[in-house]
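The values are calculated or read from the model by the stated rules, or taken from the named source; none is laboratory data. Because the structure is predicted, anything quoted here is derived from the model rather than measured. With ideal geometry, Cβ positions are generated from the backbone for all residues, glycine too; neighbour counts draw on all protein chains shown. Accessible surface is based on the protein model in full, side chains and every heavy atom, while ligands, DNA and RNA are left aside. Shrake-Rupley method; radii C 1.70, N 1.55, O 1.52, S 1.80 Å.
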Amino acid sequence: MTGRQLITDTQNTWCPGCGNFSIEHTLKNILSAMEQDGKSLDDVVLVTGIGCHAKIADYLNINTFYALHGRTIPAATGIKLANPGLTVICCSGDGDSYAEGLDHLIFAAKRNVDITVIIHNNRVYGLTTGQYTPTSPLGFRGKSTPLGTVEYPFNPLELMLACGATYIARGYTKKMDLLRSLVLDGIAHKGFAFIDVLQICATFFPLADYYTPRVYELKDHDRTSFDAACTKVREWDYNNDSPIALGTFYEKNLPAFDTRMAVRAMNEHDRSHAMQELLLSRT
Amino acid sequence: MHEVSVLVGGKAGDGINSAGAMVAQLLNHRGYYTYLYFDYPSLIRGGHNFAVIRGAEKPVACCKKSVDFILALNQETLEQHKKAFRPDTAVIFNKDLVKGTGQGVPVHEILTAEHAPEIMGNSALIGGFAKTAGIGWETVEAVFKAHIPKGTDLNLRVARRAYDQLSTVQPVARRESPALPLLTGNEAIGLGMINGGLDVYLSYPMTPSSSLLHFLAEQKEKFGIMVVHPENEIAVILMGLGAAYAGKRAAVGTSGGGFCLMTEGLSLAGMAELPIVLLVSQRTGPSTGLPTFTGQTDLQFVLHAGQGEYPRLIIAPGNAEEALYWSAVAMNIAWKFQIPAFILADKTVSEGTYSVELSRVPEVRRQEPGMWDGSQPYRRYADTPSGISPLAFPGMKDAVVKVDSYAHDEAGITTEDADLVERMTKKRLRKWEGLKAEMNQYPQVRLYGKQDAPVALFCWGSTQGVCTETADQLGLRVVCPVILSPFPAEQLKKALAGVEHLIAVEENATGQLATLARLHGIEIHDKILWFDGRPFMPEDLLEKVAAVLS
């Protein structure tokens, strides 16, 4: 379908000032550019979990799989395995992929599944009205932790590096140009692309005034160096007040899971012949 | 009925299952229908394993307590199976390890003479068994050539030495029937799925479903299927649903504990109307239970698993032939109605080996589901009279394919609108009616035994074999629903016509089929329940039925 309207008529229910608008806008622009470059949007699939982020499935007029909380990535893996010709993008939340579905994130990185995972990391549960997530800072006061959390956040970029992710980046919803180039890079990357996006939750964790003065774009950084990536991802640990680097920390080319798993298609006649052969061998 | 039973015992790691399989093939080539039951503890090495192989003139699906032959690879075999002995039981044992009466095979001496590795010791015992049973050498040769592709000649020389040293004490009459393919229930399920168009099989290992994962992984190139072993059962079913969304026929396999993890995905399949076939092979529960033993305790769980209300198909095959047939049907029905379809098996069916007579298995081919014709903009959940919406897959020109776990409209966009929610719920549930009508075209209920007897045994799944044998002896009827959801009330009532005394026979402690049947107005007069993890044996069932009837 060409020249399609990319935004559905569905009423948008994100809060005013929500960072999800920036991500939606970024994806819409990318889709529109893809179409102008002659790529059919029929071959693009967006998979989401459950949470504020996931409403994007209703808002974008493309193929979507609005999955379960935490289960964005296995659904996307199944889609990519079934049809490697599809461009599969996952929009997932920090509660979604860092808490409920962390195992799947780790394994997708380990397997190098050729999907692009965009984490809408607002560091708070929005849709369930304000509880801490795995990346909320120590002492975060949420509805389930009114006296403040007593656990440190984990650093998802460091985790992804340890798990073998072949593309690791961080964006920020108030740096739209950079976000666009990171998502484009992630889609172009043949393998597992992980983009942690610092997303503003206007209602429960409005961190723009915290992030904006601290963020900077990576320059003169060797993205092919694992050691350099290790050092850089550890600069800010999601808890201290260090400068926050944005950009691509690491990229490596490795064969993708769906390529390695590909099987030779077989017609019914050949299958039936194989069946006869097998049954004979059991006689 | 002329028949023969053989027990092969040894410690875990002795290759009891493969030795049993060779004995089964010898009986198969002797013209007998065979059944093999493999009993093993949940460990890798050291525990006691045994296989019981039964050959008969009629199809068999259970083992007897007493046997005609015992092949003892260790002393424990003779000690643990005293009840299996009759005065005329022929014993063949490894002379190096076992003190017994019968015919000892000098395994070490034979291996040394042939410069053969220790692993070939079982071939000596099998050669010894063949001679004891009066099975001609040409049969031994044929079976070894077909089933031991590596080192065939050396294995045969080892077997021959034992064959020449022992004498025939318990001849097994030759029958003029051709050898049949021997398949485990799980292999038959896999082949059935392939006949039904399987593209991708996903599973996380869990006994007794794992052997299907192993079998399909081994055969994947031969049949052009993808086999995936993901990180857990949640990923298994979600990947399967992702593949189904993209147009590939997926099946998953697990047992009770793994199925617990799949239930959120199952409910997603119900809401998103994504077809998926699930093998749930029961073992003794609750929880970890007895991992390598059998049970029929998950019928009510599978019937009700997953939040919300949506149609599902549940098939409980009772042997490999049924598994082969119904697994292909399950695949087609799942896709026709865009629903989850279960193969509800148990350890007995999954890991038992059966003779499969292909002439008794109706051929099923992959049937294509109703597809979108492109004339109107695509709506994934188009409301139709049947409740079945035409399918399209991502990548198809001009189709925007939106599936959604939330309540949604016809286009697959989330809604909380009261009227729409009600209409879409009705749309999904309308598929029940079509499914019931469709399944009514199939033989959903099997009748065995004396088909007009006023006393009937009422069973499901793997107990069908033992019930039939018992019924044949006592002149009773056996009524066995193969389809458990949608409940085949109509066919069952016909099958039960004239029954005055209905006895439910189940391998669980509460009578789960009985509970289900009562909901449909079928009166159960007695229940015979067995729940020690071991399959019913005909001797035990006979005693229990006689007690109920007296």
note = Reported set for region B:367-389 where residues are surrounded by fewer than 14 Cβ atoms within 10 Å (Cβ to Cβ) and aliphatic (A, V, I, L, M) is B:Met371
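Would you confirm whether or not region B:180-193 contains a residue that is open to solvent by 20 Å² or more (accessible area, probe 1.4 Å), polar (S, T, N, Q), out of contact with any Ser or Thr (no Cβ under 9 Å at 6 or more places or on another chain) and within 14 Å of chain A (Cβ to nearest Cβ)?
Here is the first cut: in region B:180-193, the ones open to solvent by 20 Å² or more (accessible area, probe 1.4 Å) are B:180, B:184, B:187.
Narrowing further to those that are polar (S, T, N, Q): B:184.
If we keep only those that are out of contact with any Ser or Thr (no Cβ under 9 Å at 6 or more places or on another chain) as well, we get none.
So far as region B:180-193 goes, no, none of its residues is open to solvent by 20 Å² or more (accessible area, probe 1.4 Å), polar (S, T, N, Q), out of contact with any Ser or Thr (no Cβ under 9 Å at 6 or more places or on another chain) and within 14 Å of chain A (Cβ to nearest Cβ).
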request  = Within region B:170-179, identify whether any single residue is within 14 Å of another protein chain (Cβ to nearest Cβ), open to solvent by less than 10 Å² (accessible area, probe 1.4 Å) and closer than 30 Å to B:Glu363 by Cα, and answer yes or no.
outcome  = no
query = Is there a residue being within 14 Å of chain A (Cβ to nearest Cβ) and acidic (Asp, Glu) anywhere in region B:322-337?
reply = no
request  = Take B:Glu218 and decide whether it is open to solvent by 30 Å² or more (accessible area, probe 1.4 Å), of a type in the set (Asp, Glu) and within 14 Å of chain A (Cβ to nearest Cβ).
outcome  = yes
ask   = Looking at (1) facing chain A (nearest Cβ under 10 Å); (2) under 31 Å from the mean Cα position of the chain (by Cα), can you tell me which one B:Pro443 breaks?
value = (1)
task = Please work out if B:Thr348 is buried (at least 23 other Cβ atoms within 10 Å of the Cβ) and assigned to a loop (DSSP other than H, G, I, E, B).
result = no
task = Evaluate region A:55-62: report whether one residue or more is open to solvent by 10 Å² or more (accessible area, probe 1.4 Å), in a loop (DSSP other than H, G, I, E, B) and touching a residue at least 40 places away in the same chain (Cβ under 8 Å).
result = yes
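Sort out which residues of region B:504-518 are assigned to a loop (DSSP other than H, G, I, E, B) and crowded, with 18+ Cβ neighbours inside 10 Å, and write them in order of number. Break it down stepwise before answering.
Here is the first cut: in region B:504-518, the residues assigned to a loop (DSSP other than H, G, I, E, B) are B:507-511.
Matches in region B:504-518: B:Glu507, B:Asn508, B:Gly511.
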task = State which residue is nearest to B:His29 (Cα to Cα) when the search covers only region B:351-366 and only residues that are open to solvent by 40 Å² or more (accessible area, probe 1.4 Å) and within 12 Å of another protein chain (Cβ to nearest Cβ).
result = B:Glu357
task = Would you check if B:Val60 is buried (at least 17 other Cβ atoms within 10 Å of the Cβ), aliphatic (A, V, I, L, M) and over 24 Å from B:Thr152 (Cβ atoms)?
result = yes
query = For B:His147, are the conditions met, namely being touching a Leu at 6+ places or on another chain (Cβ under 9 Å) and not hydrophobic (A, V, I, L, M, F, W, C)?
reply = no
ask   = Listed residues A:Val117, A:Val124; which is closer than 25 Å to A:Val44 by Cβ and either β-branched (Val, Ile, Thr) or surrounded by fewer than 21 Cβ atoms within 10 Å (Cβ to Cβ) (or both)?
value = A:Val117
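Please verify whether region B:411-422 includes one or more residues that are of a type in the set (A, V, I, L, M, F, W, C) and more than 14 Å from chain A (Cβ to nearest Cβ). Reasoning before the result, please.
Taking region B:411-422 as the starting set, the residues that turn out to be of a type in the set (A, V, I, L, M, F, W, C) are B:411, B:413, B:418, B:420-421.
After this cut, where a residue has to be more than 14 Å from chain A (Cβ to nearest Cβ) as well, the list is B:418, B:421.
For region B:411-422, residues of a type in the set (A, V, I, L, M, F, W, C) and more than 14 Å from chain A (Cβ to nearest Cβ): present.
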ask   = Since A:Val88 meets every condition but one in (1) open to solvent by 10 Å² or more (accessible area, probe 1.4 Å); (2) outside any helix (DSSP H, G or I); (3) at pLDDT 95 or above; (4) within 14 Å of another protein chain (Cβ to nearest Cβ), which condition does it not meet?
value = (1)
ask   = Is at least one residue of region A:262-270 in contact (Cβ under 8 Å) with a residue 60 or more places away in the chain and either part of a strand (DSSP E or B) or within 14 Å of chain B (Cβ to nearest Cβ) (or both)?
value = yes
message = Looking at B:Ser210, B:Ser281 in this structure, which one is of a type in the set (S, T, N, Q), in contact with a strand residue (DSSP E or B) (Cβ under 8 Å, 6 or more places away or on another chain) and surrounded by fewer than 23 Cβ atoms within 10 Å (Cβ to Cβ)?
response = B:Ser210
query = Looking at (1) surrounded by 24 or more Cβ atoms within 10 Å (Cβ to Cβ); (2) facing another protein chain (nearest Cβ under 7 Å), which is the one condition that is false for B:Asn232?
reply = (1)
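Within region B:396-410, can you find the residues that are acidic (Asp, Glu), facing chain A (nearest Cβ under 7 Å) and surrounded by fewer than 20 Cβ atoms within 10 Å (Cβ to Cβ)?
Within region B:396-410, the first condition is being acidic (Asp, Glu), and the residues that meet it are B:398, B:404, B:409-410.
From what's left, facing chain A (nearest Cβ under 7 Å): B:398, B:404.
The one that is acidic (Asp, Glu), facing chain A (nearest Cβ under 7 Å) and surrounded by fewer than 20 Cβ atoms within 10 Å (Cβ to Cβ): B:Asp398.
Residues of region A:15-52 being away from chain B (no Cβ under 14 Å) and either on the phi > 0 side of the Ramachandran plot or of a type in the set (Val, Ile, Thr) (or both), which ones?
First, pick out the residues of region A:15-52 that are away from chain B (no Cβ under 14 Å): A:15-30, A:32-34, A:36-38.
Result: A:Gly17, A:Ile23, A:Thr26, A:Ile30, A:Gly38.
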request  = Scan (1) more than 14 Å from the chain's Cα centre (by Cα); (2) surrounded by 24 or more Cβ atoms within 10 Å (Cβ to Cβ) for the single condition B:Ile343 breaks and write down its number.
outcome  = (1)
note = Residue count, region B:247-285, condition under 20 Å from the mean Cα position of the chain (by Cα) and part of a loop (DSSP other than H, G, I, E, B), comes to 3
request  = Hey, could you check region A:231-256 for residues that are open to solvent by 30 Å² or more (accessible area, probe 1.4 Å) and either within 20 Å of A:Thr87 (Cα to Cα) or assigned to a helix (DSSP H, G or I) (or both) and say which is nearest to the other protein chains (Cβ to nearest Cβ)?
outcome  = A:Pro255
task = Could you list all residues from region A:63-85 that are without any contact (Cβ under 8 Å) to a residue 40 or more places away in the chain, surrounded by fewer than 22 Cβ atoms within 10 Å (Cβ to Cβ) and at the interface with chain B (Cβ under 7 Å from one of its Cβ atoms)?
result = A:Asn83
inquiry  = For region B:245-261: of the residues being surrounded by 24 or more Cβ atoms within 10 Å (Cβ to Cβ) and at the interface with chain A (Cβ under 8 Å from one of its Cβ atoms), which is nearest to B:Ile189 (Cα to Cα)?
reply    = B:Ala250
